[in-house]
Amino acid sequence: MSETVGEITSWLNRLRQGDDDALEGLMPLIYDDLRRLARHRLSQERPGHTLSPTALVNESYLNLIRQRELTPENRSEFFAVASNVMRRLLVDHARSRRAAKRGGGVAPIPLDEVDALLGDDTAEEMLALDDALSRLAAINPRGAEVINHRFFGGLSLAESARLLDVSSKTIQREWTTSIAWLRKEVGGTLSLEPRGSS
């Protein structure tokens with residue numbers, strides 16, 4: 001296990017230094033963790049969709065490759081970035097679904113794939129949450145980061161605290177405040193529960 005952690009650290013260092021092959025070397029070491037992250041993210045979507053964690057990981061990997069300056073300091077920061085990429089992909093799917101439903105002429109994703117991923121209500125909730133998170137980031141950037149790390153990334157209080165370099169109590173306070181604000185903003189329709197509470 002410590003050997004794997006050392007390898008991950010080595011690949012992350014190479015990634016920060018701009019090594020174009022680093023992400024490819026890192027993926028086999030973290031693939032199972034990324035699948036767990038994808039499963040966590042997809043568990044919050046409409047029941048019965050057919051997008052698999054593997055498909056979400058693969059699409060996320062392609063997006064991560066396209067990022068020019070991917071410089072995570074550590075494993076937690078890398079997973080926060082990956083989680084945010086997954087969130088953006090699901091939001092993009094929701095936007096495509098809304099545009100297709102309204103005849104909006106945007107068709108980069110086949111409609112049957114979008115239908116399999118999101119129902120109408122889930123797509124609207126995803127977009128409402130994304131809009132509310134953008135507003136939250138403008139008034140409380142750390143609160144928005146905590147939501148991203150805990151809800152979308154499934155990070156624990158302790159992992160979020162390490163990543164943001166604050167205490168677990170601060171993370172808990174930001175979480176509670178931000179969740180209340182988001183529930184009010186999106187009409188109380190969302191179930192925002194992260195993995196575990198520790």
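All of the numbers you see were taken from the coordinates with simple rules; none came from a lab. Not measured: the values here are computed from a predicted model. Every residue, glycine as well, gets a Cβ built from its backbone with ideal geometry; the counts of neighbours run over all protein chains shown.
Between the beta carbons of Ile65 and Arg135, assuming R0 = 30 Å, the FRET efficiency works out to 0.45 to the nearest 0.05. Give the residues of segment 24-38 whose amide nitrogen is closer than 18 Å to a point set 7 Å from the Cα of Ser52 in the direction of its Cβ. 28, 31-38, by backbone N distance to the label point.
Most tightly packed first, judged by the mean number of other beta-carbon atoms within 10 Å of their residues, the peptides 134-141, 6-13 read 6-13, 134-141.
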